[in-house]
1. Would segment 99-121 turn up any residue that is farther than 26 Å from D27 by Cα, of a type in the set (S, T, Y) and without any contact (Cβ under 8 Å) to a residue 24 or more places away in the chain?
2. Regarding segment 72-82, can at least one residue be identified that is surrounded by 11 or more Cβ atoms within 10 Å (Cβ to Cβ), touching a residue at least 40 places away in the same chain (Cβ under 8 Å) and among the acidic types (D, E)?
3. Name the single residue that is farthest from R64 (Cα to Cα) among those in segment 80-134 being among the hydroxyl-bearing types (S, T, Y) and modelled with pLDDT under 90.
4. For E49, state whether it is in contact with a strand residue (DSSP E or B) (Cβ under 9 Å, 6 or more places away or on another chain) and either within 16 Å of L92 (Cβ to Cβ) or loosely packed, with under 15 Cβ neighbours inside 10 Å (or both).
5. Checking the condition free of Cβ contacts under 8 Å to residues at least 60 places away in the same chain and within 18 Å of the chain's Cα centre (by Cα), which residue from E24, E49 passes?
Amino acid sequence: MRNALLAALLVTVSIRAPAIDTAELPDPAQQQRYERLIHELQCLQCQGENVADTPAQFAADIRRQVREMIQAGSSDAQIRQYLLDRYGEKILLRPPWTLANSWLWLAPGLLLLAGVIIAVRIVRQRRQLLATDTSEPGEEETHS
């Protein structure tokens, strides 16, 4: 029984997940650029995953397109701009700061600040209530 468990564990540990994208570019610098770019792009089909880590057909198409553009000599900026023109800012995992999306960047901080202000006000009000409370501990109020 013990040997069977050990064998099952060894088989499980030795099995590697298949790679999503096995294509390699001939130039290591190009491969590095390719890897960096596909990790910056969002799969529009998978909602929140980058195109490097998803097996979706849309992601495969984007990876192929990026690979071809790198091999054709396009710069990173040209590749990003092409994808932005075609798919909009949704394609970027980290969209740039613009006036239109500034609320996305500011909202978490503003909500946190509002929460802190509300908490401070509640604590101050309770302190004032305790300071004006004249009843003795354990004394119950009776209402008629």
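1. Yes; the residues of segment 99-121 include at least one that is farther than 26 Å from D27 by Cα, of a type in the set (S, T, Y) and without any contact (Cβ under 8 Å) to a residue 24 or more places away in the chain.
2. Yes.
3. Of everything passing the filter in segment 80-134, T134 is farthest from R64 (Cα to Cα).
4. Judged against the criteria, E49 is a match.
5. Result of the check over E24, E49: E49.
The values are calculated or read from the model by the stated rules, or taken from the named source; none is laboratory data. What you are looking at is a predicted structure, and each value in this text was computed from that prediction instead of being measured. Positions of Cβ are generated from backbone atoms using ideal geometry, with glycine treated the same way; all protein chains shown enter the neighbour counts.
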